[in-house]
Amino acid sequence: MFTATGDDWAERAAVLPLRTRMFIDGVWEEGSAEPLTPVSPRDGRALPPIGTASAADVDRAVRSARTAFEAGVWSRIAPRERGQLLIAFAQKIHDNAEELALTISLEMGKPVREALQTELRAVVNCFRWYGEAADKVLDEMPVTAPNSLALVTREPAGVVAAVVPWNFPLTMTAWKLAPALAVGNSVVLKPAEQSSFSALRLAELAIEAGIPAGVLNVTPGTGQVAGRALGEHRDVDVVTFTGSPDVGRMFLGYSAASNGKRVWPELGGKTASLVLPDADLERAVRSTADGCFYNQGQMCTASSRLLVPRDRYDRALEIAADVARTSLPADPFDVTTSMGAIVSERQLAGIAGFVERAEAEGGELAAGSAERFRAVDGGSYFAPVVLGVTPRHEVAQREVFGPVLSVIAYDDVDDALSIANGTEFGLAAALWSNDLTAVHTLSRRLRAGIVWVNCFEEGDMTIPFGGVKGSGFGRDKSLHALEKFTDLKTTWIELS
Ligand code: NAP
Ligand code: MG
């Protein structure tokens, strides 16, 4: 099911049905704000315009979510029943996985094979997992004096706004929706401008699976209008956000200026991959480079900094450059392609700018260039870049969100740690070594929400995902995510 085959994906894309209107209260509606005019980064082809939500439209979506919540059609049904509906939703997504994968590939440029094998598989798994978890949430009954009874229960928070990015459009959405819905909330989803088609189709499948109207609403639109309206809405209880640090902090501001709603920001990263002297250099460098170039480098966890002992720096640069030269972009609709298009011309220009400035600052270009790559006419492609830099170079500090690897030499372990911890971010880090003591000690000292040891990007629904410092404090996945969308309630009962 999750294996992409055939060579007719371009023909299928040409006749792919795309939803172009807002989805409120189970009904397609025209948006009253300026329509989006998306283009496919694969070939620059114009896609159908999408109606977008104004603040008044967002208000209607929030009211629909609130009405559904208060009616109890979802919030007060048996958790087991909610779980079964989420599992039915997962099955619907599974049955429509090829269409959804193709929609993602068309709208944001990742290879259709990747969209299907990795993204859709993860999305189905996520909804299933939280569907299974829905009736396994336990409340507490603390010990109190014999004449009283205390219950500590978890109540759904109410209306949740989910605002997500385009890089893993449906995975990020599933990470928000599945736990929020599992515990009984209603949701309003604001997808990224570049990936609204897949989100709209998802909402339709939720209705087909039997999830009641109003429980999941989708308001496409710009961040400035639709995103902000959700952030400032006084009847939204929780915002769960994945995106850039600047916008994440804006949501904290919207909350402060409105109703003090809970905001869960999951922001960018600048993952350091720290190779210790005893590590297998070839393996560590190849995995790090792959982890930096994966999804065209548009990944919050991208292993964009490779830290190696100074005496192994030249060799590391050579190996990384070799990976870069053999990981060139190609047509996302070809099932043999593993690197697709950059999401937009704007993003492409931003990535190229980082490379130009790194060269101007004295960075050593070991592979690639600041020029665009030509894979499909009219598309936005960029070949991977490897740069030898110092920790203070801009490219070693800021999130590029493109396939650009910074290779940095360190002198000793303390130096390596201070470089690894020396950015504003703290999402993830990787360590390469077989020295158990070093691994354990260093992983504790790395200021990151996730540390991978002798691997990269491994994980499971059972483990939390999120960062520290400038990477925000929200956590997706695992049972911990359920806590974000519930309130603790204490009920004290006098017995006599
Ligand atoms: P972004 O520009 O911050 O956008 C994220 C979402 O916020 C989009 O839906 C966007 O709408 C909306 N938005 C933008 N400006 C807004 C505003 N002023 N008020 C309210 N909402 C607003 O991020 P992106 O470019 O889509 O994604 C890249 C970023 O996401 C990177 O920094 C990356 O590291 C981060 N990311 C983090 C994780 C994680 O789990 N930690 C995972 C993936 C990505 P528009 O579509 O209109 O821009
Ligand atoms: Mg954006």
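The values are calculated or read from the model by the stated rules, or taken from the named source; none is laboratory data. What you see is a predicted model; the values in this text were computed from it and never measured. When we count neighbours, we look across all protein chains shown, and the Cβ atoms used for this are built from the backbone with ideal geometry, even at glycine.
Looking at this structure, is ARG315 in the same structural domain as ALA430 (by the TED database), closer than 30 Å to SER433 by Cα and in a helix (DSSP H, G or I)?
When the stated conditions are applied, ARG315 passes them.
Yes or no: ASP311 farther than 24 Å from ARG447 by Cα and either more than 16 Å from ligand 1 (Cβ to nearest atom) or among the aliphatic types (A, V, I, L, M) (or both)? Yes; evaluated as a whole, the condition is true for this residue. For region 215-237, a tally of residues being crowded, with 24+ Cβ neighbours inside 10 Å and away from ligand 1 (no atom under 14 Å from the Cβ) returns 3. Here VAL137 passes the criteria (1) part of a loop (DSSP other than H, G, I, E, B); (2) free of Cβ contacts under 8 Å to residues at least 40 places away in the same chain except the one numbered (2).
Check LEU177, LEU205 and return the single one that is under 25 Å from TRP74 (Cα atoms) and under 19 Å from the mean Cα position of the chain (by Cα).
Of LEU177, LEU205, the one residue that is under 25 Å from TRP74 (Cα atoms) and under 19 Å from the mean Cα position of the chain (by Cα) is LEU177.
For region 1-40, the set of residues classified as of a type in the set (Phe, Trp, Tyr) and in a loop (DSSP other than H, G, I, E, B) consists of PHE2 only.
Condition test on GLU458, is it surrounded by fewer than 23 Cβ atoms within 10 Å (Cβ to Cβ), of a type in the set (Asp, Glu) and not assigned by the TED database to the domain that holds ALA324?
yes
May I ask you to list the residues in region 148-178 that are more than 16 Å from ligand 2 (Cβ to nearest atom) and not in a strand (DSSP E or B)? Once the filter is applied, which keeps residues that are more than 16 Å from ligand 2 (Cβ to nearest atom) and not in a strand (DSSP E or B), region 148-178 yields ALA157, GLY158, LEU170, THR171, ALA174, TRP175, LYS176, LEU177, ALA178.
Touching a Lys or Arg at 6+ places or on another chain (Cβ under 7 Å), β-branched (Val, Ile, Thr) and assigned to a strand (DSSP E or B): does that describe VAL263? In short, no. Please work out if PHE23 is surrounded by 20 or more Cβ atoms within 10 Å (Cβ to Cβ) and more than 23 Å from TRP166 (Cβ to Cβ). It is false that PHE23 is surrounded by 20 or more Cβ atoms within 10 Å (Cβ to Cβ) and more than 23 Å from TRP166 (Cβ to Cβ).
From the list LEU18, LEU85, the lone residue that is among the hydrophobic types (A, V, I, L, M, F, W, C) and under 23 Å from VAL376 (Cβ atoms) is LEU18.
Would you be able to say whether some residue in region 281-298 is in the same structural domain as TRP432 (by the TED database), within 16 Å of ligand 1 (Cβ to nearest atom) and part of a loop (DSSP other than H, G, I, E, B)? Looking for residues that are in the same structural domain as TRP432 (by the TED database), within 16 Å of ligand 1 (Cβ to nearest atom) and part of a loop (DSSP other than H, G, I, E, B), one finds at least one in region 281-298, hence yes.
The set of residues from region 26-54 being crowded, with 17+ Cβ neighbours inside 10 Å, more than 30 Å from PHE333 (Cα to Cα) and of a type in the set (Gly, Ala, Ser) comprises GLY26, GLY31, ALA33, ALA53, SER54. Which of the residues belonging to region 476-496 are touching a residue at least 60 places away in the same chain (Cβ under 8 Å), surrounded by 14 or more Cβ atoms within 10 Å (Cβ to Cβ) and part of a loop (DSSP other than H, G, I, E, B)? The answer is LYS477, LEU479, PHE485. Filtered by the rule that a residue be within 16 Å of ligand 2 (Cβ to nearest atom) and either among the charged types (D, E, K, R) or part of a loop (DSSP other than H, G, I, E, B) (or both), region 179-230 gives LYS190, PRO191, ALA192, GLU193, THR219, PRO220, GLY221, THR222, ARG228. Residues in region 430-450 that are farther than 23 Å from SER244 by Cβ and within 23 Å of the chain's Cα centre (by Cα): LEU431 only. Take the conditions (1) buried (at least 21 other Cβ atoms within 10 Å of the Cβ); (2) within 16 Å of ligand 2 (Cβ to nearest atom); (3) over 17 Å from GLN397 (Cα atoms); ALA321 misses just one of them, which is (2).
Among residues of region 416-473 being of a type in the set (Phe, Trp, Tyr) and in contact with a helix residue (DSSP H, G or I) (Cβ under 6 Å, 6 or more places away or on another chain), the one that is nearest to SER287 (Cα to Cα) is PHE456. The condition of being of a type in the set (D, E, K, R), surrounded by fewer than 23 Cβ atoms within 10 Å (Cβ to Cβ) and within 29 Å of HIS233 (Cβ to Cβ) holds for only one of ARG63, ARG80, ARG121, that being ARG63. Residues in region 238-259 that are near ligand 1 (Cβ under 9 Å from one of its atoms) and assigned to a strand (DSSP E or B) were compared, and the one that is farthest from LYS270 (Cα to Cα) is PHE241.
Scanning region 304-312 turns up one or more residues that are within 25 Å of VAL112 (Cα to Cα), more than 16 Å from ligand 2 (Cβ to nearest atom) and surrounded by 20 or more Cβ atoms within 10 Å (Cβ to Cβ). If the condition is being touching a residue at least 12 places away in the same chain (Cβ under 8 Å) and either within 13 Å of ligand 1 (Cβ to nearest atom) or among the small types (Gly, Ala, Ser) (or both), then region 260-277 contributes VAL263, TRP264, PRO265, GLU266, LEU267, GLY268, GLY269, LYS270, THR271, ALA272, SER273. Looking at region 341-429, the helices (runs of 4 or more DSSP H) lying wholly inside it that each contain 2 or more residues that are within 23 Å of the chain's Cα centre (by Cα) sit at 345-360, 394-397.
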